[in-house]
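Down below is the structure, laid out as structure tokens.
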Amino acid sequence: MRFETSSPIMQLDGGIEAYRKRLSALAGKNSAGIFQSVGNARRRIERDIGPLRLEMNSRDPAAFERLIALKSQQFLSTLGSNPLAFPWIRGTLDQVFATQAGPFSGLLSVLYAGDQLVACHLGLRQADQCHIWFITYDPAFSAYSPGLLLLMGMAEAAQGEGLNLFDLGRGTQPYKLRFQTGAIPLGEGAVSSPAWLAQAVLAKTAQKRWLKTTILGRVWRSGKGLVSRRSS
């Protein structure tokens, strides 16, 4: 193991009120305010668009195709390419959505305002846990914090679905820090033949971590971005 990281989690056993108490116990300003932020967003979207409705475990193929379309648009706008265009990646998503037998299953959750799809998520469920995986929303509703609305709605519905934990996945995105009540330790490494290839991968990973997590790295990225804008 070369690097140690962690994956933020939402501990939901005991229901939404128990989760609220866990957040409050953290005494973190950001965590404590997420319920108020979501409440304000709910009131605004229901006033402007229509009442919210969550389908926690949707089997609607049209909703699944809408998720693929929205996620593809997001990839194109942020990456300039669409990984979902690769058949094996799209095939994996199709298989996850179709899997409903046994302890592992795909979980498609869809949030509507009135009759309009606002946000959706395809997750990986294992027994009483769900890994938050592909979450996206319609940009037309971006002013209403649709991702936060969906994730909080899923947290509220989790107990009824027999779910006790959401794994938000590795990363320090602000929304993860606001929702998390704990973390699962992770280890990262690489194995290859020949061994030098693994060393090259780890060196590149270390460089990326330096750029993201250190003050000098952030200064370097800011300077590089400024030079790129001036030269374009």
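The values are calculated or read from the model by the stated rules, or taken from the named source; none is laboratory data. Please read all numbers here as calculations on a predicted model, not as lab measurements. Cβ sites come from the backbone with ideal geometry, for glycine too, and all protein chains shown count toward neighbours. Just the protein is used for accessible areas: all its heavy atoms, side chains included, with ligands, DNA and RNA removed. Shrake-Rupley method; radii C 1.70, N 1.55, O 1.52, S 1.80 Å.
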**Item:** Number of positions in region 121-162 that are among the aromatic types (Phe, Trp, Tyr) and not in a helix (DSSP H, G or I)
**Value:** 3
**Request:** Return the only residue of 122, 108, 93, 149 being more than 19 Å from residue 62 (Cα to Cα), surrounded by 13 or more Cβ atoms within 10 Å (Cβ to Cβ) and either hydroxyl-bearing (Ser, Thr, Tyr) or touching a Leu at 6+ places or on another chain (Cβ under 7 Å) (or both).
**Result:** 149
**Fill in**
For region 65-78, pairs from a residue that is among the aliphatic types (A, V, I, L, M) and at pLDDT below 95 to a residue that is open to solvent by less than 90 Å² (accessible area, probe 1.4 Å) and in a helix (DSSP H, G or I), with Cβ under 7 Å and 6 or more apart or across chains, are none
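Being touching a strand residue (DSSP E or B) at 6+ places or on another chain (Cβ under 9 Å), surrounded by fewer than 16 Cβ atoms within 10 Å (Cβ to Cβ), under 15 Å from residue 12 (Cβ atoms) and at pLDDT 75 or above is true for just one of 128, 167. Which residue is that? Break it down stepwise before answering.
Details: 167 fails: surrounded by fewer than 16 Cβ atoms within 10 Å (Cβ to Cβ).
Going through 128, 167 in turn, just one is touching a strand residue (DSSP E or B) at 6+ places or on another chain (Cβ under 9 Å), surrounded by fewer than 16 Cβ atoms within 10 Å (Cβ to Cβ), under 15 Å from residue 12 (Cβ atoms) and at pLDDT 75 or above: 128.
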**Asked** Is there a residue in region 90-100 that is of a type in the set (Phe, Trp, Tyr) and at pLDDT 95 or above?
**Response** yes
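Say whether the condition of being part of a helix (DSSP H, G or I) and not β-branched (Val, Ile, Thr) is met by at least one residue in region 106-120.
Let us first name the residues in region 106-120 that are part of a helix (DSSP H, G or I), namely none.
Within region 106-120, not a single residue is part of a helix (DSSP H, G or I) and not β-branched (Val, Ile, Thr).
A quick yes/no check of all residues on (1) out of contact with any helix residue (DSSP H, G or I) (no Cβ under 8 Å at 6 or more places or on another chain); (2) aromatic (Phe, Trp, Tyr); (3) at pLDDT below 95:
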position: 137; (1), (2), (3): no, yes, no
position: 152; (1), (2), (3): no, no, no
position: 183; (1), (2), (3): yes, no, yes
position: 201; (1), (2), (3): yes, no, yes
position: 205; (1), (2), (3): yes, no, yes
position: 222; (1), (2), (3): yes, no, yes
**Fill in**
Counted residues in region 154-176 being touching a helix residue (DSSP H, G or I) at 6+ places or on another chain (Cβ under 6 Å) and of a type in the set (Asp, Glu) come to 1
**Message:** Among the numbered criteria (1) surrounded by fewer than 18 Cβ atoms within 10 Å (Cβ to Cβ); (2) in a helix (DSSP H, G or I), which one does residue 13 miss?
**Reply:** (2)
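Restricting attention to region 43-90, report how many residues are in a helix (DSSP H, G or I), open to solvent by 30 Å² or more (accessible area, probe 1.4 Å) and closer than 19 Å to residue 106 by Cβ. Steps first, answer last, please.
First, the residues of region 43-90 that are in a helix (DSSP H, G or I): 43-48, 61-79, 83-85, 87-90.
Filter once more, keeping what is open to solvent by 30 Å² or more (accessible area, probe 1.4 Å): 43-44, 46-48, 61-62, 65-66, 69, 73-79, 83, 85, 87-90.
Retained after the next criterion (residues that are closer than 19 Å to residue 106 by Cβ): 61-62, 65-66, 69, 83, 87-90.
Summing the residues that are in a helix (DSSP H, G or I), open to solvent by 30 Å² or more (accessible area, probe 1.4 Å) and closer than 19 Å to residue 106 by Cβ in region 43-90 gives 10.
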**Prompt:** Which one of these does residue 115 not meet: (1) without any contact (Cβ under 8 Å) to a residue 40 or more places away in the chain; (2) more than 25 Å from residue 164 (Cα to Cα); (3) surrounded by fewer than 16 Cβ atoms within 10 Å (Cβ to Cβ); (4) not basic (Lys, Arg)?
**Reply:** (1)
**Message:** Just to verify a result, which residue in region 17-33, among those that are open to solvent by less than 40 Å² (accessible area, probe 1.4 Å) and in a helix (DSSP H, G or I), is modelled with the lowest pLDDT?
**Reply:** 31
**Request:** Answer yes or no as to whether residue 153 is among the small types (Gly, Ala, Ser), under 16 Å from residue 70 (Cβ atoms) and touching a strand residue (DSSP E or B) at 6+ places or on another chain (Cβ under 6 Å).
**Result:** no
